[in-house]
Amino acid sequence: MRLIDLRSDTLTLPTKEMLQASLIAKMGDDGREREGKGEDETVIELEKTAARILNKDDAIFVHSGTFGNMVSLMSHTTRGGRVIVGHNSHIYKSEKGSFDQNILGLEPVVLQTVLGRYNLSELEAELRRGNVAVVCFENTVNFEGGVAITVEEMEIYTDLCKKYNVKTHLDGARLFNSARHLKVNPSSLVKDIDSVMVCLSKGLCAPIGSVVCGSKDFIYTVRKNRKLLGGQLRQAGIIAAPGIIALNKMIDRLDEDHYRAKIIAEGINSITGLSIDLNTVQTNILRVDITSDSITSDYLISLLDTKFSLKVHKISEKEIRICTYHGITDEDAKEAISRLRSCMSEINKEV
Ligand SMILES: *Cc1c(COP(=O)(O)O)cnc(C)c1O
């Protein structure tokens with residue numbers, strides 16, 4: 001049986017066009033600075049493209065999203081700086097380096113969120129107390145089934161933070177998925193955000209890399225801090241060239257991933273023992289609940305893998321995650337539903 005791997009959109013492979021672009025990319029020493037930019041022409045073009053699309057003054061290429069978030073927070077504040085994060089955010093739950101005492105040593109102020117949304121009065125109470133350096137947001141919200149935060153919600157948040165003179169950072173690993181779902185210009189989602197990180201890998205298919213965007217001064221600080229953390233790049237045009245294609249050509253096609261996720265979600269909802277909140281089915285990530293009492297996610301994941309050649313990702317004891325991405329076809333989506341159905345009917349029979 002052919003393997004269908006729906007664990008993550010980090011499994012995407014670069015397109016042929018991307019690989020060809022790498023071969024002919026103009027390169028230079030990106031770590032050698034000239035007026036706030038490196039000397040690799042392709043990296044400069046990528047940074048200009050990202051800044052233009054997100055309507056920010058400037059941008060800087062970094063090797064990963066995690067690194068981009070860390071270097072952004074480090075550039076907004078210093079060791080001990082208090083950073084508001086959602087309890088289920090990627091920065092807080094998955095990255096950790098920002099809050100590790102031996103690494104950046106920032107102090108997390110963890111607020112409970114619902115589908116990635118802060119409670120406004122709780123957020124304001126925390127801001128009013130003072131001594132908050134940065135507030136973090138995430139869009140789409142990875143661990144909440146890839147839901148999108150709207151332009152109006154972002155405006156309310158950024159207005160509130162401005163009122164208390166507190167910096168804002170957006171983990172926009174999948175910002176373009178949000179923009180496609182909401183049918184808005186991506187720049188409208190980051191209008192008043194001080195800094196934003198977007199991934200070129202994942203749904204956009206570049207093999208490596210993310211971009212941080214913000215004001216000229218901020219990006220200059222990020223450049224200095226990127227070097228301090230060992231993230232300075234050399235002939236990075238080879239990986240920036242696919243990134244340019246990612247931004248210019250791969251954003252609109254995210255709709256296909258969203259469509260296939262919807263197909264899978266609707267299929268899952270008719271399978272006994274599994275369920276999914278269809279209101280959260282917006283982009284390319286599905287959070288699936290295991291409603292069957294008899295099994296855990298570990299058991300389901302292992303049976304799907306060994307017997308049905310279908311890989312999915314564990315969220316918790318009773319939740320799994322399914323992702324669609326470039327390379328997962330309509331056919332794969334239908335086949336995945338059929339394998340999930342067979343697997344669950346086998347489990348239901350055993351009970
Ligand atoms: C993937 C991801 C990141 C980190 O990106 P990497 O390139 O994997 O380090 C950050 N935030 C969210 C929400 C993500 O999904």
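The values are calculated or read from the model by the stated rules, or taken from the named source; none is laboratory data. These numbers were taken from a predicted model, which means no experiment stands behind them. Methodologically, a virtual Cβ is constructed for each residue, glycine included, from the backbone with ideal geometry; neighbour enumeration extends over all protein chains shown. Note: areas computed on protein heavy atoms with side chains; ligands, DNA, RNA excluded. Shrake-Rupley method; radii C 1.70, N 1.55, O 1.52, S 1.80 Å.
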Checklist outcome for this item: Within the stretch 212-251, the count of residues that are of a type in the set (Gly, Ala, Ser) and either assigned to a helix (DSSP H, G or I) or open to solvent by 90 Å² or more (accessible area, probe 1.4 Å) (or both) comes to 5
Checklist entry - Across the stretch 70-96, which residue is surrounded by the fewest Cβ atoms within 10 Å (Cβ to Cβ) among those that are hydroxyl-bearing (Ser, Thr, Tyr) and touching a residue at least 60 places away in the same chain (Cβ under 8 Å)? => result Thr77
Item to check | Boolean, Leu115 is on the phi > 0 side of the Ramachandran plot and open to solvent by 50 Å² or more (accessible area, probe 1.4 Å) | outcome: yes
Checklist outcome for this item: Residue set Phe137, Phe99, Phe143; condition open to solvent by 20 Å² or more (accessible area, probe 1.4 Å), in contact with an Asp or Glu (Cβ under 8 Å, 6 or more places away or on another chain), among the aromatic types (Phe, Trp, Tyr) and within 16 Å of the ligand (Cβ to nearest atom); output residue Phe99
Checklist entry - Could you list, in sequence order, the residues of the stretch 306-328 that are touching a residue at least 60 places away in the same chain (Cβ under 8 Å), more than 28 Å from Asp252 (Cβ to Cβ) and exposed (fewer than 15 other Cβ atoms within 10 Å of the Cβ)? => result Ser309
Checklist entry - For residues in the stretch 102-112 being part of a loop (DSSP other than H, G, I, E, B), away from the ligand (no atom under 16 Å from the Cβ) and open to solvent by 20 Å² or more (accessible area, probe 1.4 Å), which is modelled with the highest pLDDT? => result Gln112
Checklist entry - Here are some conditions: (1) closer than 30 Å to Val62 by Cα; (2) assigned to a helix (DSSP H, G or I). Gly327 meets all but one. Which one does it not meet? => result (2)
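Residue-wise test of (1) within 18 Å of Gly243 (Cβ to Cβ); (2) modelled with pLDDT under 95; (3) small (Gly, Ala, Ser).
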{"site": "Thr10", "(1), (2), (3)": "yes, no, no"}
{"site": "Glu33", "(1), (2), (3)": "no, yes, no"}
{"site": "Leu46", "(1), (2), (3)": "yes, no, no"}
{"site": "His76", "(1), (2), (3)": "no, no, no"}
Item to check | the stretch 30-65, subset assigned to a helix (DSSP H, G or I) and small (Gly, Ala, Ser), residue farthest from the ligand (Cβ to nearest atom) | outcome: Ala51
Checklist entry - Do we have any residue at all in the stretch 170-180 that's in a loop (DSSP other than H, G, I, E, B), modelled with pLDDT of 95 or more and farther than 22 Å from Val85 by Cα? => result no
Next on the checklist: Restricting to the stretch 146-163, name every residue that is part of a loop (DSSP other than H, G, I, E, B) and either touching a Gly at 6+ places or on another chain (Cβ under 8 Å) or within 16 Å of the ligand (Cβ to nearest atom) (or both).
Outcome noted: Gly146, Ala148, Ile149
Next on the checklist: Looking only at the stretch 258-305, how many residues end up being within 13 Å of Ser342 (Cβ to Cβ) and either open to solvent by 30 Å² or more (accessible area, probe 1.4 Å) or in a strand (DSSP E or B) (or both)?
Outcome noted: 2
Checklist entry - Residue check, Asp57 against (1) charged (D, E, K, R); (2) farther than 17 Å from Gly214 by Cα; (3) surrounded by fewer than 20 Cβ atoms within 10 Å (Cβ to Cβ), all met but one. Which one? => result (2)
Item to check | Close pairs (6 angstrom Cβ cut-off, 6 or more residues apart or separate chains): basic (Lys, Arg) in the stretch 168-193, part of a helix (DSSP H, G or I) and open to solvent by 10 Å² or more (accessible area, probe 1.4 Å) anywhere | outcome: Arg180/Asp255
Checklist entry - When only residues in the stretch 164-192 that are under 16 Å from Tyr118 (Cα atoms) and within 16 Å of the ligand (Cβ to nearest atom) count, which is surrounded by the fewest Cβ atoms within 10 Å (Cβ to Cβ)? => result Thr168
Checklist entry - Does Leu254 satisfy being over 23 Å from Val212 (Cβ atoms), at pLDDT 95 or above and open to solvent by less than 10 Å² (accessible area, probe 1.4 Å)? => result no
